[in-house]
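Right, one structure below, let's go through it.
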Amino acid sequence: MDVIDWLLDSDPAIRWQVLRDLADADPAAVAAERSRTAREGLGAEILSRQGPDGAWHRADTPAWLPTLFTAQLLRATGADPADPVVDAAVNRLAAGFRWDAEFGARPFFEGEVEPCINGNVVSTGAYFGVDMTPLVDRLLGEQLSDGGWNCEVENGATVSSFGTTINVLEGLLEYERAIGGSAGPRVGEARRRGEEYLLERRLFRRKSTGEVIDPSWLQFSFPTWWHYDVLRGLDYLRSTGAKPDERLAEAIGVVEANRDPDGRWPLQNVHEGKAHFQMDDGEGKPSRWNTLRALRVLDWFAGGG
């Protein structure tokens, strides 16, 4: 099986990223494929399900959950923020959505109270062109002494968690990309401290004992929602453009070990989420999203960055 051909026989949201990251395609071809994302397949379905109030709704859950998750998924498709239909959707979200009263009934892009949630809000807002500086400033003030973040500080937590940390790191990186040098050194320094928190633990081991922190992190999911796994950590580090750290070698081995005989990666762990979408063909089946992410991580590591 030609895995690249299999990946290209899919949704525009996957095809354009395969062309850019794995096929070394002409930029014009990449841009042309990306332009289809908001009008075909997953991206178009996401946009079609947005309510007039800017939120995504499900009858069985508060609006903030499907709204957060679905906006997160729209970003993952790589839909062009400059596309008029995408821009209109983001404007509806900004104007109409309010967090629950317990979170202050604030607009979506002002965030709520937990850094794990707010990291995702920052990454979504920054990607789609919203000024996320106030929420970034809050996250910088919540960084713990070990370099990471934890949603449970108000409940007594004093050390960081991988899940909260990866959510915040993705947000800070997207913010830096959005505003470039205007972000100042403080954001980059905080991000690198957070990355070091992950690297000191080889992305999945306890710093104190070397034991695997959570065996589920060795299985790969998409969407990840707020959850952490090794592939998510590696794909984040790849996206920074930095040279691979030698401490990642064992995590890269985990990725290699999860490849199936056809050269693809399965969807191994489906996290419950309150969005509307079934990804790939189900748990245990080959996953185009996981395969795309795994291949570009391996290319990055093998190529030295």
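The values are calculated or read from the model by the stated rules, or taken from the named source; none is laboratory data. The shown structure was predicted, so the numbers you read here are calculated from the model rather than taken from an experiment. Ideal geometry is used to build each Cβ from the backbone, glycine not excepted, and the neighbour counts take in all protein chains shown. Heavy atoms of the whole protein, side chains included, go into the accessibility calculation; ligands, DNA and RNA do not. Shrake-Rupley method; radii C 1.70, N 1.55, O 1.52, S 1.80 Å.
Rounded to the nearest 20 debye, the dipole size of the stretch 11-129 about its Cα centre is 180 debye, using +1 on the Cβ of Lys and Arg and -1 on the Cβ of Asp and Glu. Estimated from helices alone, the mean residue ellipticity of the chain at 222 nm is -15000 deg cm²/dmol (sum of -39500 (n - 2.57) over DSSP H runs with n ≥ 4, per residue).
Taking only the Cα atoms of the stretch 171-284, the radius of gyration and Dmax are 15.8, 47 Å.
In plain terms, the C-alpha convex hull of the stretch 197-251 casts an average shadow of 4.0 nm² when viewed from every direction.
The distance from the alpha carbon centre of the stretch 202-266 to that of the stretch 1-46 is 24 Å, rounded to a whole number. In this structure the stretch 147-237 gives 41 Å² per residue of accessible area when probed at 1.4 Å with all protein chains present. Ranked by the mean number of other Cβ atoms within 10 Å of their residues, highest first, the peptides 58-65, 290-297 come out as 290-297, 58-65. The share of C-alpha pairs in the stretch 123-231 whose separation exceeds 24 Å stands at 25 percent. In summary, the chain shows an alpha-carbon radius of gyration equal to 0.96 times the 2.2 N^0.38 Å reference for compact globular proteins. Packing around the peptides 14-24, 199-209, taken as the average count of other Cβ atoms within 10 Å per residue, puts them in this order, highest first: 14-24, 199-209. Between the listed residues MET279, SER123, ILE46, the Cα displaced farthest toward the positive end of the dipole of the chain, a dipole computed from Cβ unit charges relative to the Cα centre, is found at SER123. Out of the total accessible area of the stretch 82-233 (probe 1.4 Å, heavy atoms of protein only), what percent is carbon and sulfur? After summing per-atom areas, the C and S share lands at 50 percent.
Can you tell which of CYS151, THR67, LEU295 lies farthest toward the positive end of the dipole of the chain, using +1 and -1 charges on the Cβ of basic and acidic side chains (Lys, Arg; Asp, Glu)? Projecting each Cα onto the dipole axis, the largest value belongs to CYS151.
When only the Cβ of Lys, Arg, Asp and Glu is charged (+1, +1, -1, -1), the dipole of the chain relative to its Cα centre reaches about 280 debye.
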